[in-house]
């Protein structure tokens, strides 16, 4: 597979950021209408699995990519545990569907970006992206520190709000860490697959299985612990709006993009390049739907600007051209 130019990879990274914001909005709305965040996450992932499976049936390159992954695992070149990267994606979507209706897309985006930036330092240093270990420079540490500060600034005016949840913000940080590690593992898987949509298919298989097992576990646990008061139940699918079901489609494209980009640019580079698109997209979403976010105030906009500062501090775009 021909590798796109560095400029195109950077453009795809920015577009990927926009897609994260749109997916968060779609999955959050689906969760709110269903009243069951795990069910919403499973619908999102399983719909993505159906789409990528249909594409794979008509695309010999994807079939070859899946075969190459299997051969690499059998030969011992690709450790089996790395195939479970999709489970991290499933956990990311499960958290996303649960907390976006609580804190809004913009705050969620800022917090998850901070989680990604911090974990990216570790995964790039260890070198599990497939491009080998990368040096942790003061710029990289500074970028991660600024994004963490941005989270605090973004929510500082909401501490007195009774509906505000610190736990939700911490979970968003954790979700960001999950997706940061997932990107790294996908980059290495893609080295063997040579086809990013094959990596995407593997992710959706693993993520869907994980969410299905987790949903059954939660339902069974609720019934076992308090059978008389068990209120855990699956809801019928809401009739609309249509865009609440686009999370799976977005996920298919997003995972395929990131598997390719991370393999060549590294996790932290991808993270800081996708920040702009993600934050701009999330800000627009919350401006048009303030009822789900508590509104867009000066603190939130300041936090977004600080996150942009983290991109500048990192100096990644300059160093990547050296």
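Give 122, 174, 167 a once-over and let me know the one that is exposed (fewer than 14 other Cβ atoms within 10 Å of the Cβ) and at pLDDT 80 or above.
Testing whether each residue is exposed (fewer than 14 other Cβ atoms within 10 Å of the Cβ) and at pLDDT 80 or above leaves just 167.
Being farther than 21 Å from residue 123 by Cβ, over 15 Å from the mean Cα position of the chain (by Cα) and part of a helix (DSSP H, G or I): is that true of residue 43 here?
Working: farther than 21 Å from residue 123 by Cβ: yes; over 15 Å from the mean Cα position of the chain (by Cα): yes; part of a helix (DSSP H, G or I): yes.
When the stated conditions are applied, residue 43 passes them.
If I filter the stretch 234-242 for residues that are at pLDDT 70 or above, assigned to a helix (DSSP H, G or I), within 28 Å of residue 11 (Cα to Cα) and over 15 Å from the mean Cα position of the chain (by Cα), do I get at least one hit?
Yes, some residue in the stretch 234-242 is at pLDDT 70 or above, assigned to a helix (DSSP H, G or I), within 28 Å of residue 11 (Cα to Cα) and over 15 Å from the mean Cα position of the chain (by Cα).
How many residues are assigned to a helix (DSSP H, G or I) and either without any contact (Cβ under 8 Å) to a residue 60 or more places away in the chain or closer than 12 Å to residue 193 by Cα (or both) when one looks only at the stretch 69-82?
Residues flagged as assigned to a helix (DSSP H, G or I) and either without any contact (Cβ under 8 Å) to a residue 60 or more places away in the chain or closer than 12 Å to residue 193 by Cα (or both) within the stretch 69-82 amount to 9.
Within the stretch 245-322, which helices (runs of 4 or more DSSP H) (wholly inside it) include 2 or more residues that are at pLDDT 70 or above, in contact with a helix residue (DSSP H, G or I) (Cβ under 7 Å, 6 or more places away or on another chain) and surrounded by fewer than 23 Cβ atoms within 10 Å (Cβ to Cβ)?
Correct list: 247-265, 267-288, 298-314.
The values are calculated or read from the model by the stated rules, or taken from the named source; none is laboratory data. As the structure is a prediction and not an experimental result, all values here were calculated from the model. Cβ sites come from the backbone with ideal geometry, for glycine too, and all protein chains shown count toward neighbours.
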